[in-house]
1. Going by the conditions given, is residue A:195 farther than 19 Å from residue A:100 by Cα, touching a helix residue (DSSP H, G or I) at 6+ places or on another chain (Cβ under 6 Å) and in a helix (DSSP H, G or I)?
2. Of (1) touching a residue at least 40 places away in the same chain (Cβ under 8 Å); (2) in contact with a Ser or Thr (Cβ under 9 Å, 6 or more places away or on another chain); (3) in a loop (DSSP other than H, G, I, E, B), residue A:61 satisfies all except one. Which?
3. Can you tell me which residues in region B:194-216 are facing chain A (nearest Cβ under 7 Å) and either surrounded by 21 or more Cβ atoms within 10 Å (Cβ to Cβ) or in contact with a Gly (Cβ under 6 Å, 6 or more places away or on another chain) (or both)?
4. Looking at A:80, A:9, can you tell me which residue is among the charged types (D, E, K, R) and either within 14 Å of another protein chain (Cβ to nearest Cβ) or touching a residue at least 60 places away in the same chain (Cβ under 8 Å) (or both)?
5. Quick check on my filter: what residues within region A:215-254 are free of Cβ contacts under 8 Å to residues at least 40 places away in the same chain, within 15 Å of residue A:35 (Cα to Cα) and of a type in the set (Val, Ile, Thr)?
6. Within region B:174-193, can one find any residue that is of a type in the set (D, E, K, R), within 10 Å of chain A (Cβ to nearest Cβ), under 30 Å from residue A:86 (Cβ atoms) and under 23 Å from the mean Cα position of the chain (by Cα)?
7. Does residue B:167 count as farther than 30 Å from residue A:117 by Cβ, within 13 Å of chain A (Cβ to nearest Cβ) and over 16 Å from the mean Cα position of the chain (by Cα)?
8. What's the number of the condition residue A:47 fails, among (1) within 13 Å of another protein chain (Cβ to nearest Cβ); (2) part of a loop (DSSP other than H, G, I, E, B)?
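The values are calculated or read from the model by the stated rules, or taken from the named source; none is laboratory data. On a predicted model such as this, the values are computed, not experimentally measured, just so you know. Cβ sites come from the backbone with ideal geometry, for glycine too, and all protein chains shown count toward neighbours.
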Amino acid sequence: MANGEAPIRVRNLSVFYGGLQVLRDVSLDIPAKRITVIVGPSGCGKTTLLKSLNRLLDAAEGVRVRGQVLVDGEDIYAPRTEVTRVRKKMGLLSQKPQVLPMSIYENVAYGPRIHGLRSRKDLDGRVERYLRLAGLWDEVRDRLREPASALSVGQQQRLCLARGLAVEPEIILGDEPTSALDPPSSQNVERRLMELKRDYTVVVVTHILRQARRIADHLAFLFLGELVEQGPAAEVFAGPRDPRTRAYLSGEIS
Amino acid sequence: MNGPAGRSLGRRKRADLFFRALAAASAAAVILALLLILGTILWKAVPALSLSMLTRTPKGGFYLGREGGILNAIVGSLELALGATALAFLLSLPLALYLNLYKDRSSKTAAWTRFSLDVLWGVPSIVYGAFGFIVMLALGLRASLLAGILTVALLEFPIMCRAIDEVLRLVPRELREASDSLGATRFETAFRVFTRQAAPGILTGVLLAFGRGIGDAASVLFTAGFADRVPASLGDPAATLPLAIFFQLGTPFPEVQQRAYASAAVLTLIILLVSLAGRTAGRKADRNVVK
């Protein structure tokens, strides 16, 4: 994978919460149409790194960002960058699925609507297409007008996936997307992600090593805010170069 | 073994029992007070309540016990309170959304704005009345429906705004992140997501302010004035139910005083109906709220 092709390139990224430095000089290339998994013990800055990719950190107070994140070659932290356009390129799955306070249909239609899709027919089409892609259509086709909060947590997470896909992003971000789900729902979401990597670039944060082994094509290990090691998942798992990575993969640090 | 532990358990149980009794007594007191008020008003109102009371305006000598009704005050109160509530809502919702979505939690501006609203909430309504009166004079207006609406809107605004503000504060941060991550602007997140999530609470705030507005006498005394006719335009003085009660209760004639109670019954009924309608609407709005 040549650097020029990487849709997301992180360059010397440091993030501070007030006086606390959460990320230290992180550089990372995220390859196209692969699943990149960021692993590391809790509190190591995984979520911060993920949220820095679509500027979701902006909403938090007292956050300072230094360095660059290049998405399709464009520095998203440059002063003139339009943040809504950056975010539209990425769909986010959060730790706990957070559905919007509206019907199942409206949850998926929300994104396309705010980006200007008006026609009923087009909206219907989009809703169905992405509910299918998220593997939820058959379960909800007869109850699209019901409140999204009536769905089970597992269904809600797939609805969030459909909602994210409906704005037609290039990248899918997952922040421990299965941590609130039961095992069958987790497997379902993992399966979706494996299918989606054919068309999308996927970045997933997890602290579950087994999950990383199952789905990762590319692996990045983050420890105390520092990117310790990254590379093709098979290589890193088989022969970690850094002693800290080795300790983490063998379960000595968790 | 069971010495100290047993004693303390006994004390804890007694404390629990005591608190339960206290809570039950408070609940009973509230319900009793409500029933007493409603009962007294209705008891006194029944002799004077008639269809003509509701459908006619006061004729000559109404306040001396002659014929007529309080239609002028019913219509006046409704127009005034609805106008003021609508106006207060137009100010409250944007400000409350601004405080919650555009300002950080630690923002000084937001803290001062909330403090000002709390102070305004506590200002007695007669002060709003006096203030409205001065502004009216300065602008060369006379007592009118419009002046009354503006003054009552001012009275309702801090109540409504802080009530809405408090429910917006409870909207989960993650909901904002979810909307943001789809590329929504703050404006879209505010009006499409936050307002929906907080809809039942917003409705409660609006009803609270409406109840305060329609029941207030002091703020409209100088600003809306009083008239025996139903106001034909915003420039006409408008009668209101609280003032109708006040004037009728102030007469020495028992039959006119009865009419005051009838007016009070009508006012109470209006508030009751609006609250019930609001609750029904609230239950509908609650459907989609994410718990």
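1. On the way: farther than 19 Å from residue A:100 by Cα: yes; touching a helix residue (DSSP H, G or I) at 6+ places or on another chain (Cβ under 6 Å): no; in a helix (DSSP H, G or I): yes.
Taking the combined requirement at face value, the residue does not satisfy it.
2. (1)
3. Here is the first cut: in region B:194-216, the residues facing chain A (nearest Cβ under 7 Å) are B:196-197.
Selection gives B:197 alone.
4. Details: A:80 fails: either within 14 Å of another protein chain (Cβ to nearest Cβ) or touching a residue at least 60 places away in the same chain (Cβ under 8 Å) (or both).
After applying the criteria, what remains is A:9.
5. Hit for region A:215-254 is A:236, nothing else.
6. Residues of region B:174-193 that are of a type in the set (D, E, K, R), as a first pass: B:174, B:176-177, B:180, B:186, B:188, B:192.
Next, only the ones that are within 10 Å of chain A (Cβ to nearest Cβ) stay: B:174, B:176-177, B:180, B:186, B:188, B:192.
Going one step further and asking which of them are under 30 Å from residue A:86 (Cβ atoms), we end up with B:174, B:176-177, B:180, B:186, B:188, B:192.
Next, only the ones that are under 23 Å from the mean Cα position of the chain (by Cα) stay: none.
No: zero hits.
7. yes
8. Exception for residue A:47: condition (2).
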